[in-house]
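S.K.: Next up is a structure, given as structure tokens.
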Amino acid sequence: MMSPRKKKTSELSRPLPRASSSFPEPIQSGVNLPRRSFPRMRFLLTSLFLCCFFLPVLSAAQQPAPLPPGNPSEPPAPEPPAAASQESSSKRHSKIPPFLILGTVFNERALAFPGVEIRIRRKGEKKFRYDLYTNSRGEFAVRVPDGIEYEVVVRQKHYKDQSAFVTANMADVQQRLTFKLESTVPAKAGDPK
């Protein structure tokens, strides 16, 4: 007598009879068929995905440069010498102010204070030239022209205003400031310091 295990394997190893019609036989519930993987389908889907996303980028990169406006019958103007293009690029770079004022603002508990208003003006002027706010880490940065002395004023509701003077000279490239704001609201009895 055959064991049930051998009986099952012998049934699987035996080829299935073919039907005379062109349709395959229905799958029998007791027969375990091997699982089929579809590597071709995965390859095709991956290729389709890559083509859809990378072909537009590649085609845009290979577009010819647009022609300058003007009469198309005129010959193109000769390009300026390299020295002239270097001068124009240095003029563009000189428009960026060279001196950087950096700073961090903390609250009375020495935690970073986001959203604090920072106003910067030249020393002796009433009008503020720069108006910005601290980021989520309580930091700010602004580029200013050098050779001038600036006043940096920190303002926040329910806190005392603070100011500092910065001399933007050619010897330094930047100056870092730190402000710790003091509350104008009296502390409650149960609040920790």
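A short reminder: the numbers here are calculations on the coordinates, not readings from a lab. Being a predicted model, the structure only gives us computed values, none of them experimental. Don't worry about glycine lacking a Cβ; one is built from the backbone with ideal geometry, like all the others, and counts go over all protein chains shown.
S.K.: For segment 96-180, what are Rg and Dmax over the alpha carbons, in angstrom?
M.R.: Computed over the Cα atoms of segment 96-180, radius of gyration and Dmax are 12.5, 38 Å.
S.K.: Next question. Just add up the charged neighbours of residue 122: K/R +1, D/E -1, any other residue whose Cβ is under 9 Å from the Cβ of residue 122.
M.R.: That works out to +1.
S.K.: In the structure shown, do any of 95/160; 126/180; 127/157 have a Cα-Cα gap over 30 Å, and if so which?
M.R.: In this structure, 95/160 exceed 30 Å between Cα atoms.
S.K.: Something else now. For residue 50 and residue 149, FRET efficiency with R0 = 41 Å and r from the beta-carbon atoms, rounded to 0.05?
M.R.: Given R0 = 41 Å and the Cβ-Cβ separation, E is 0.10.
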